[in-house]
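Have a look at the structure below, then the notes.
The values are calculated or read from the model by the stated rules, or taken from the named source; none is laboratory data. Nothing here was measured: the structure is a model prediction, and the numbers come from that model. Using ideal geometry, Cβ is built from the backbone for each residue, glycine included, and neighbour counts are taken over all protein chains shown.
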Amino acid sequence: MAKRILLVDDAPIIRLMIKDILVECGGYEIVAEGATGKEALDLYKQLKPDLVTMDIVMPEMDGIQALEEILKFDPKAKVVMVTAIDQRESLMKAIRLGATDYIVKPFEADRVMSAVQKALGE
């Protein structure tokens, strides 16, 4: 059975790029997409996906806050952060808080796949 993934990024093109990679290269099921940290938290609680890919900089609630809230709800949650290279400080905070791995934009398909497979223990 395909692993279920929630994609969260305020940029639809980034969600589409990650979705294409995960579906075509990994055969994963994208259960939902969100554009804010608040949506990430609500969708996570509702769907309990196997993994979340989440942008750090988003409106309403950023990826760091959403990561904290998701981990409060489910300490075993697997979250791969998606970040721009200049967000190193936020990224380090996310890793300290419990993010499983990260992907730096612009990303390549093999890096996305390796981060997701590592996070899922594949």
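So which of 84, 32 ends up being closer than 19 Å to residue 120 by Cβ, among the small types (Gly, Ala, Ser) and touching a residue at least 12 places away in the same chain (Cβ under 8 Å)?
32
Would you mind telling me which numbered condition in (1) within 17 Å of residue 78 (Cβ to Cβ); (2) surrounded by fewer than 14 Cβ atoms within 10 Å (Cβ to Cβ); (3) at pLDDT 95 or above residue 1 fails?
Status for residue 1: all satisfied but (3).
Look at the range 65-122 and say how many of its residues are closer than 19 Å to residue 38 by Cβ, among the acidic types (Asp, Glu) and either in contact with a strand residue (DSSP E or B) (Cβ under 7 Å, 6 or more places away or on another chain) or in a loop (DSSP other than H, G, I, E, B) (or both).
1
List every residue pair whose Cβ atoms sit under 9 Å apart, with the two residues 6 or more apart in sequence or on different chains, where the first one lies in the range 52-63 and is more than 17 Å from residue 16 (Cβ to Cβ) and the second, anywhere, is β-branched (Val, Ile, Thr) and in a loop (DSSP other than H, G, I, E, B).
Between residues of the range 52-63 that are more than 17 Å from residue 16 (Cβ to Cβ) and residues that are β-branched (Val, Ile, Thr) and in a loop (DSSP other than H, G, I, E, B), the close pairs are 59/36; 60/36; 61/36; 62/36; 62/56; 63/56; 63/57.
Can you tell me which residue in the range 17-59 is surrounded by the most Cβ atoms within 10 Å (Cβ to Cβ), limited to those that are within 11 Å of the chain's Cα centre (by Cα), among the β-branched types (Val, Ile, Thr) and in a strand (DSSP E or B)?
It comes out as 53.
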